[in-house]
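Derivation of every value follows stated rules applied to the coordinates shown; laboratory data play no part. On a predicted model such as this, the values are computed, not experimentally measured, just so you know. Methodologically, a virtual Cβ is constructed for each residue, glycine included, from the backbone with ideal geometry; neighbour enumeration extends over all protein chains shown.
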Amino acid sequence: MSELIAYIAPQNVLPALSDCLLILNSSNSHLHVIQADDGDIVQRHYALQMPVQRLVFPPANCHWLIASLSNEPHPAIRTIQHHLVVTAMGLCSNHIDLARSLDIGIASNLSELVEAVLVRQLNDGATLLEAIAICNAQLKGDVSYICHQQGHAQFMFASCLGRPLFVGLESGLRQICCSSLRLIRQRANQVYAMNTGDVVRFGLGAPMLILPNGIEQALQMPAVNKSQGIPHYMLEEIEAQPETLAILVQKYGAGFSLPLALRGKLAGIRSVTLLACGSSYHAALVASYWFETLAGLPVQVGLSSEYSDRDVHPDAYDLVVAISQSGETADTIAALKHAQINGSPRTVALSNSPGSTLTTLVDHSLLTHSGAEQSVSATKSLTAQLLMLYVLAFTLGEARGELSKEQVTAAQQEMLDLPTAVAETLQLTKDIRRWAGMLHRKKNLFVIGRNAHYPVAMEGAFKLREVAYQHAVAFPSGELKHGPITLVNEELPVIVCLPWNLQAQKMLDDLKAVRANRGEIFILSNGNIASVEGTSVIRMPNGLNHLSPIIYTVALQMLAYYCAVFSGNDIDAPRNLAKAKTATLA
Ligand code: G6P
């Protein structure tokens, strides 16, 4: 997870940065800082140690700095013409087109791209604010950036185009802008969470929101209620998903693909076996639809804890994929070994943990690169598993001649659109919190979906049980009429994943029976469905097809999280649950 931190204050801000690094305790290995040392702009790079130690900076009288933490060895911050400093994070979906139009090379990093767009405008005579407005109109995707111009040493600009950014007031007139909610809640006394499209000026005066017409408005900055405690890792990990997914999209989205040794074997595959438990099992179930549709293959999904006790007869051309965030879950390791003993010749581990036991037992490992997941509940690692399984499914489809070049390109384009769609889903927090306020006291809930959204409903119900301690059960909506409908009444709400696709009309028909039995309905949908008495609708982002299950998964993660918050549960370490210990992390 890369992070941005900017500071500006009348006094030296380096000690404050040092404190932030300890609080963040990030797994990033590089820190890049651009700072003003007695008026001179200096750029420094630090290799960060694990576990994180207090950094001692060279003595300086530094009144402003912009720092970025990342796993990239090259700087994400630049000083250039017009004495401009820019640091950006996120994924720009038109990066290549913009870079070509600016003549800066398609390998440029995001900060270089933003800087080039701004400089082009400054060269044409625009003010920095005008340049920012034009830049924001040109950037597509899920990006945020902070910039500073030496001529205006009193302030900086922060621009949010989807990736979360927060502006805060600290003691001693220090102002901070950063990407971590946990950090800002600990450091600042008053915080403004930027909305998509916001441009904020912060510095030595009151922070101001710059409206599109150029008018400045004082920021409404509610005081941080420290008694509420620091937000949970689970929330931080839910909110990290646009970035964790963008990292994978960058790795696998634009023409790059799976390791060559694995690709070489794909054309001969005739079936797929997916082994996993918990949330990873739900990822496997969602992916089974992709392997059928995109790769044209029969798929078997085995619950690890059950699979080891079965008489299995793997085909000689079967591909076994064992899925585990930790790579250390004993059931999944046992299931994989069971498959191998019974003759499975081709095995892949999909894990978030390089060097974990699972990865040492297989022919090929695929890593989800999501960074450490502290909360017991799987969130960012799960959506990363889904994305990797999607890459595997369409690469198999391509290798087996099931997909045309155009279909592969369309699959890759959908990947590029995903981080933005996830960021848009995260903006539904207010509505989802409102639902949680109504739902968290319900003892029993149904979560329903159809097709690939049925396992999404299973995952949503699983999360509600896991962190909100509510008895939630998932059904395919077509099954309601075959039994579960007997339980529906005004006390049993039904949460519905209803993407506007080929199954939508069938689902609307299924829901009539719920209303007829006075069941309250809570619909997540990108369809044009109105909320009416007894039916509340949250409008989901449009534009995804195969990857739509990922955004519904994220929405249900948020719902379970806020239900757990309202119930006052120990969210990151739910009762009776433990996360398998991971080895080193990507
Ligand atoms: C535990 C956790 C689940 C997790 C499951 C599988 O049961 O409570 O949240 O999904 O383990 O973990 P893995 O590391 O194998 O994906």
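Values for this structure:
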item: Cα pair distances of the range 3-230 binned at 10 Å [whole percent]; result: 8, 35, 39, 16, 2, 0
item: Using θ = phi - 60° and Karplus 6.51 cos²θ - 1.76 cosθ + 1.60, couplings along the range 316-331 (whole Hz; Gly, Pro as x); result: 5, 10, 7, 10, 9, 10, 9, 10, 7, 3, 6, x, 10, 5, 4, 4
item: ARG441-ALA504 pseudo-label distance in nm [points 7 Å out on the Cα-to-Cβ vector]; result: 3.5 nm
item: Distance between the range 367-381 and the range 266-280 - C-alpha centres, whole angstrom; result: 20 Å
item: Linear extension gain, ALA316 paired with LYS265, 0.36 nm per residue minus alpha-carbon span; result: 17.1 nm
item: The chain, helix-only ellipticity at 222 nm - DSSP H runs n ≥ 4, -39,500 (n - 2.57), divided by all residues, nearest 500; result: -11500 deg cm²/dmol
item: Karplus 3J(HN,Hα) series, Hz, for the range 20-26 with 6.51 cos²θ - 1.76 cosθ + 1.60 (x for Gly, Pro); result: 4, 4, 5, 5, 5, 6, 7
item: Restraint check, LYS251/LYS337; LYS140/LYS506; LYS251/LYS506; LYS380/LYS430, Cα-Cα greater than 26 Å; result: LYS251/LYS337; LYS140/LYS506; LYS251/LYS506
item: Cβ charges +1 (Lys, Arg) and -1 (Asp, Glu), total dipole of the range 260-334, debye; result: 360 debye
item: If the convex hull is drawn through the Cα atoms of the chain, its volume per residue in Å³; result: 154 Å³
item: Placed amide H near ALA474: partners under 5 Å, 5+ positions off or other chain; result: VAL447
item: Computed over the range 417-506, Cα set: Rg, Dmax in Å; result: 13.8, 41
item: HN-Hα J in Hz across the range 301-306 - Karplus 6.51, -1.76, 1.60, θ = phi - 60°, x for Gly and Pro; result: 10, x, 6, 3, 5, 9
item: Student exercise, the range 115-249 dipole from Lys, Arg, Asp, Glu Cβ charges, in Debye to nearest 20; result: 320 debye
item: Extension gain (nm, one decimal) between LYS512 and THR486, 0.36 nm per residue minus Cα-Cα; result: 8.0 nm
item: Of ALA411, LEU508, HIS471, farthest towards positive along the dipole that unit charges on Lys, Arg, Asp, Glu beta carbons give the chain; result: HIS471
item: Burial ordering of LEU480, LEU113, fewest other beta-carbon atoms within 10 Å first; result: LEU480, LEU113
item: Dipole axis of the range 324-466 (+1 Lys, Arg; -1 Asp, Glu on Cβ), positive-most option in ALA349, ALA461, LEU367; result: ALA461
item: Per-peptide average of other Cβ atoms within 10 Å, ordering 297-308, 342-353, 536-547 highest first; result: 342-353, 297-308, 536-547
item: Where only alpha carbons of the range 234-419 are counted, the Rg and the Dmax (Å); result: 15.4, 43
item: Dipole magnitude of the chain, debye to nearest 20 (Cβ charges: Lys/Arg +1, Asp/Glu -1, about Cα centre); result: 800 debye
item: Burial ranking of peptide ranges 485-494, 316-325, 553-562 (average Cβ count within 10 Å, highest at the top); result: 553-562, 316-325, 485-494
item: Along principal axes, Cα extents of the range 138-205, largest first, whole Å; result: 37, 32, 13
